[in-house]
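K.L.:
Have a look at the structure that comes next, please.
Where a number appears in this text, it was derived from the coordinates with a stated rule and is not lab data. Remember, predicted model here, so these are calculated numbers, not experimental data. Please note: Cβ atoms are built from the backbone with ideal geometry, for glycine as well, and neighbour counts cover all protein chains shown.
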Amino acid sequence: MPLLAVGLTATLVPALATSTATAAPAAFPSASSPAGASPSAGKDALHRYAQQKPRWKRCEAAAPAEFQCATIKVPLDYRKPGGDRIDLAISRIRTTAPGKRHGVLLSNPGGPGGEGLYMPLSMAESLPASARQKYDLVGFDPRGVGRSSPVSCGMGPEEENWLRPYKEETFDDDVAWARTFADKCEEKAGDVLPHITTRNTARDMDLLRAVLGERKISYVGYSYGTYLGAVYTQLFPRRADRFVLDSAVDPERAWRGMIQWWAEGAEPAFDRWTAWAAERSERYGLGDTPKKVEGTFWDLVAQAGEEPIDLDGQLVTGDDLRGGMRAAVFSPRSATEAFVELKKAADGKTVTPEKLKAFTGDEERGTEGEAVETPADNMSASFWAVVCGDNSAAWSRDPESYRRDAIADQGRYPLFGDFASSIKPCAFWDRSKERATEVNNKVESLVVQNEWDSQTPLPSGQALHTRLRGSRMVTVLGGEGHGVYPSGNPCADGPVNRYLLTGRLPAKDVTCRATAESNAKARQNQQEDVLPGSPLPDRAPDRF
């Protein structure tokens, strides 16, 4: 999405300090002034936002005492900061050694639509003790998400299901679903959804920086959080301190192209899986050549298409099998064990549920310790607001173009191509309120990437590394799973820890080899994600 950003030509807004530290001016886009008002009016409005003093309190009775939460206000529309306001839910865990404090470390778990309020708890468990001394750990639910004025389109579970494989006989129904989805969102939240964008969330991050009285912020972002971090570096390059971007989004492909990455990236992973299973044919019995394993797979797809597989009352069709195995094949052992169990179920035999996790996902997933109820469709609503609104030019307005793409990609990427390229609600979404962000800067950052990542494939991470010309990259060859740090692999964790502790990037890009332990951890956490780059299961805190 090679479109222009406005962050580098932003005007300066005064002072914005609320603590004993003196904060430098915060950069906001030059379009921040209300329409028809003088620039000073918008400047003064933002200044008032920055003077907020969060009322920190224990997040909830069952949470650790040091885990504190607060709510601040941010403009719904930064072009009109004197207008409507929305809530931004924030959290923190203070440094364990105030005398050694370097600053604040913000974090984001992924999404779009992932709640980040509890990230400080996860980061406190993940970071080495020396890094815990360096930072106040700061989390937040992005605008429109969780406790931050959550948005809703009023969708039921069936309406939220967007993974719809292309079929000629159902395509008109899929078009009607996409149109209805967009129309319901417009009717329910049309005044808010256009402002639920990555650029505005990055602006919220900078306003939070000012409220906290910090000159700069450090940041750890996973999956979608890498794109959010990259957009922040583009809009506010002088405010970015130490930025770790783990499992990265290709900014040129946000967002239709990233969904299509799911299909493109699955094909080499599928080939790797068939070769792995063939080498172990005596144990698993799927075929002694990759071609035979492939034939076994497609035979079961055809069989399930005729008679769905009964998994304890859950009927698995051939399309379900393709969709479920799309993520599973990135871990060959897990995929093989799951597929063997599916074959057993198709033959009416008893299965081992534990071995089906790579296919069925983790039923325990969710937001822990939630004190306020969010709309059931909040994750979907906020997801589509960002995916459709960040770059509306990426989405055709012609339904027939999606039919053509789905048919073509069904041939190119048979496992998942038609799922990825068929019609989505963005075809009928309102045009973006502002331009997309071209990420292209020299801000220092560290990109971290597994070779076999089902959500953001290796070429996606390499693309972000290229666009962030001041970055270094850690690549884990043979690494499986979505999310690298921390993995228990010293080669991968070491550069991240040193960067967070010292601010020094590796002298050159780092290439590591995955360890059995780090991949075992990835297999343990593997699940079929609901959304591309949704929150990582091993980043959420244990239930209280």
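K.L.:
With axes computed from alpha carbons, what is the tilt in degrees of helix 490-502 against the longest principal axis of the chain, rounded to the nearest 10 within 0 to 90?
P.N.:
Roughly 10 degrees, rounded to the nearest 10.
K.L.:
Over all directions, the average projected area of the alpha-carbon convex hull for segment 258-351 comes to how many nm²?
P.N.:
5.9
K.L.:
I would also like to ask the following. List the lysines whose Cα lies under 26 Å from the Cα of residue 134, skipping any in the same chain that are fewer than 8 positions away.
P.N.:
53, 57, 100, 216, 442, 508
K.L.:
If you take every residue apart from residue 418 with its C-beta less than 12 Å away from the C-beta of residue 418, what net charge results, scoring Lys and Arg +1 and Asp and Glu -1? Before the final figure, lay out each step's value.
P.N.:
Values: positive: 164, 167, 322, 326, 403, 404, 412; negative: 168, 174, 319, 405, 409.
Value of the local net charge: +2.
K.L.:
Using Cα-Cα distances under 8 Å and only pairs 6 or more residues apart, what relative contact order does segment 160-264 have, in percent?
P.N.:
Working: 77 pairs, mean separation 21.5, N = 105.
Averaging sequence separation for qualifying contacts and normalising by length gives 20 percent for segment 160-264.
K.L.:
Still on this structure: What angle do you read, to the nearest 10 degrees and between 0 and 90, between the alpha-carbon axis of helix 224-235 and the longest principal axis of the chain?
P.N.:
The angle comes out near 30 degrees.
K.L.:
Taking the chain on its own, what percent of its Cα-Cα pair distances exceed 32 Å?
P.N.:
43
K.L.:
Here's a follow-up. Residue by residue, what Karplus-based ³J(HN,Hα) values in Hz, rounded to whole numbers, does segment 462-467 have, using 6.51, -1.76 and 1.60 with θ = phi - 60° and x for Gly and Pro?
P.N.:
So the Karplus estimates, Gly and Pro as x, are 5, 5, 5, 4, 5, 6 Hz.
K.L.:
Remind me, relative contact order of the chain in percent, using alpha carbon pairs under 8 angstrom and six or more residues apart? Each step should come with its number before you reach the end.
P.N.:
Working: 1185 pairs, mean separation 101.0, N = 544.
The value is 19 percent.
K.L.:
Turning to a different aspect of this structure: How much length, in nm to one decimal, is gained on full extension between residue 315 and residue 509, taken as 0.36 nm per residue of separation minus their Cα-Cα distance?
P.N.:
Between residue 315 and residue 509, full extension yields an extra 65.2 nm.
K.L.:
For the chain, what is the charge dipole size about the Cα centre, in debye to the nearest 20, if Lys and Arg each add +1 at the Cβ and Asp and Glu each add -1 at the Cβ?
P.N.:
Using only the charged Cβ atoms, the result is roughly 3320 debye.
K.L.:
Where a Cα-Cα gap under 23 Å defines reach, which lysines qualify for residue 167, not counting those fewer than 8 residues away within the same chain?
P.N.:
Filter leaves 424.
K.L.:
Show the residues, 5+ positions off or on another chain, whose built amide H is closer than 5 Å to the amide H of residue 476.
P.N.:
449, 450, 451, 512
K.L.:
Now a separate question. Divide by every residue of the chain the summed helix terms, -39500 (n - 2.57) for each DSSP H run of at least 4, and state the resulting mean residue ellipticity at 222 nm, rounded to the nearest 500 deg cm²/dmol.
P.N.:
Values: 19 runs with 214 residues, N = 544.
Calculated at 222 nm, the ellipticity per residue is -12000 deg cm²/dmol.
K.L.:
Report for segment 90-216 the percent antiparallel among DSSP-assigned beta bridges with both residues inside it, nearest 5.
P.N.:
Working: 4 of 8 bridges.
Rounded to the nearest five, the antiparallel share is 50 percent.
K.L.:
Among bridges DSSP assigns within the chain, what percent are antiparallel (round to 5)? Kindly include the intermediate steps, with their values, before the conclusion.
P.N.:
Details: 20 of 49 bridges.
Antiparallel bridges make up about 40 percent of those DSSP assigns within the chain.
K.L.:
What number comes out for the charge environment of residue 396, summing +1 per Lys or Arg and -1 per Asp or Glu over other residues with Cβ under 11 Å away?
P.N.:
Every neighbour counted, the sum reads +2.
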